[in-house]
Amino acid sequence: LAMSSATSTASLPSGLSVLTTFPDVLFIPEITFGGLVWILVASSKVLLPILQGWVMFVSVSCFVMSITLLCLYVCGVHGGSSSWVTLVSGCDKP
């Protein structure tokens, strides 16, 4: 989920405008499907529980990171800095 809208000269969105601009609005399905993956992984039965633990760790980490980034954008912590585009691009491309 690269924030291509932020790569132009326009300022980064903050507040509720994060939920109305594309591709920033994709945070909502990312968090929704991330939570569903978390539930699916937690309810699966596997032969080697350590493998499920690692998948669960990655799933929960990405879920928490997405929620944190959304909250930071809504609060306007970025202050319009273009380095936030790099942060989000790096976080969303594991």
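Restricting the first member to region 46-58 and to residues that are in a loop (DSSP other than H, G, I, E, B), and the second to residues that are surrounded by 12 or more Cβ atoms within 10 Å (Cβ to Cβ), the beta-carbon pairs closer than 7 Å and six or more apart or on different chains are Val46/Gln52. Checking each residue in region 63-81 for being open to solvent by less than 50 Å² (accessible area, probe 1.4 Å) and within 27 Å of Ala42 (Cα to Cα) picks out Phe63, Ser66, Leu69, Leu70. State whether the residues of region 87-94 include one that is at pLDDT 75 or above and not acidic (Asp, Glu). No, that holds for no residue.
The values are calculated or read from the model by the stated rules, or taken from the named source; none is laboratory data. Source: prediction; values computed, not measured. Cβ sites come from the backbone with ideal geometry, for glycine too, and all protein chains shown count toward neighbours. Quick note on the areas: whole protein, heavy atoms, side chains included, nothing else; ligands and nucleic acids left out. Shrake-Rupley method; radii C 1.70, N 1.55, O 1.52, S 1.80 Å.
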